[in-house]
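Below: the structure, in structure tokens.
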Amino acid sequence: MDGKIEMREALRQQQNEIDDYAVYKAVAKIEEDPKNREVLHKIAHQEKRHYAFWKKVTGKSLHPRRRIVWLYALFARILGTSFAVKLLEKREEGAEAFYRRLFDIYPETREIYEDEKSHESELVHMLNDRKLLYAGAIVLGMNDALVELTGTLSGLALAFDKSTVVGITGIIMGIAASLSMAGSAYLEARENPAGEISPATYAFYTGIAYIITTILLVVPFFLVETTLPALVLMFTAAVAAIVSYNFYISVARDEPFWKRVKEMALITFGVAFISFGIGYVVRTWFGIDI
């Protein structure tokens, strides 16, 4: 391989291959589904073979970076196998052009390229990630909290001057609404004919998503005394929540990221704007000054 840049790229690819091998092995260890585990081991074996090729090219031995392996294993435990391995595969997309440049120089790279191309489609079809079964519950709780509370808090912020009053009201409403949503989610899941979803777990995810979102939206009203800065912080937290959740879904389910973000943001801020206007009218009409 000619040139320092090419050698640097080769070493980077070699490092990625040994990292990926270690990640797939680590995720396979914590994977409960036997079929998922089998495919993860198969891909890990391919990654190790790719590493061996690059080792012959560079003449250097490299070791997996522990922080990378630990991070992706943590993703798999908390966010599910689908998210962890698909995020890892997205990192490999940039390597495809590099491999294509080497077909004539190293014929073995064509086989490695085909392996890398097959990983993503194979992963999409093989993974049975139970955490994704409850993604709908998270959407239900989170989206309902975003729409209801941003709207309600916006209206209250215009009706009342003291941000703590708005915050306390938001907490009371959020807890009550989360219990109500969890109960509704339980009844909805119980009617699921497939039987794959546990109604209690579905209700738990819905309620927890609602409560966490409530906390994110209400905290700003206890950090600042006036309502306008609190509203700005609240909407910032809402945007962060929308972006974070949709990033997760876009990776785990291969769905368009920005389309989902725009849709959820439009609904959330549309309701908030209307409620803000209602609060302004109520405050002006009744002359409220609390």
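The values are calculated or read from the model by the stated rules, or taken from the named source; none is laboratory data. Computed from a prediction, not measured in an experiment: that's the story for all the values here. Here the Cβ is made from the backbone with ideal geometry for all residues, glycine too, and neighbour counts use every protein chain on show.
Has segment 162-173 got any residue that is without any contact (Cβ under 8 Å) to a residue 40 or more places away in the chain, assigned to a loop (DSSP other than H, G, I, E, B), among the hydroxyl-bearing types (Ser, Thr, Tyr) and surrounded by 16 or more Cβ atoms within 10 Å (Cβ to Cβ)?
Taking every residue of segment 162-173 in turn, none turns out to be without any contact (Cβ under 8 Å) to a residue 40 or more places away in the chain, assigned to a loop (DSSP other than H, G, I, E, B), among the hydroxyl-bearing types (Ser, Thr, Tyr) and surrounded by 16 or more Cβ atoms within 10 Å (Cβ to Cβ).
Working only within segment 132-180, note down all residues that are touching a Leu at 6+ places or on another chain (Cβ under 7 Å) and either farther than 22 Å from LEU231 by Cα or of a type in the set (S, T, N, Q) (or both).
THR150, SER154, THR169
Rundown of residues vs (1) surrounded by 15 or more Cβ atoms within 10 Å (Cβ to Cβ); (2) at pLDDT 85 or above; (3) of a type in the set (Phe, Trp, Tyr), yes/no style:
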| position | (1), (2), (3) |
| --- | --- |
| ALA28 | yes, yes, no |
| ASN36 | yes, no, no |
| TYR51 | yes, yes, yes |
| LYS86 | yes, no, no |
| GLY94 | no, no, no |
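Check ILE138 against each of (1) in contact with a Phe, Trp or Tyr (Cβ under 9 Å, 6 or more places away or on another chain); (2) at pLDDT below 70 and name the one condition it does not meet.
Every condition holds for ILE138 apart from (2).
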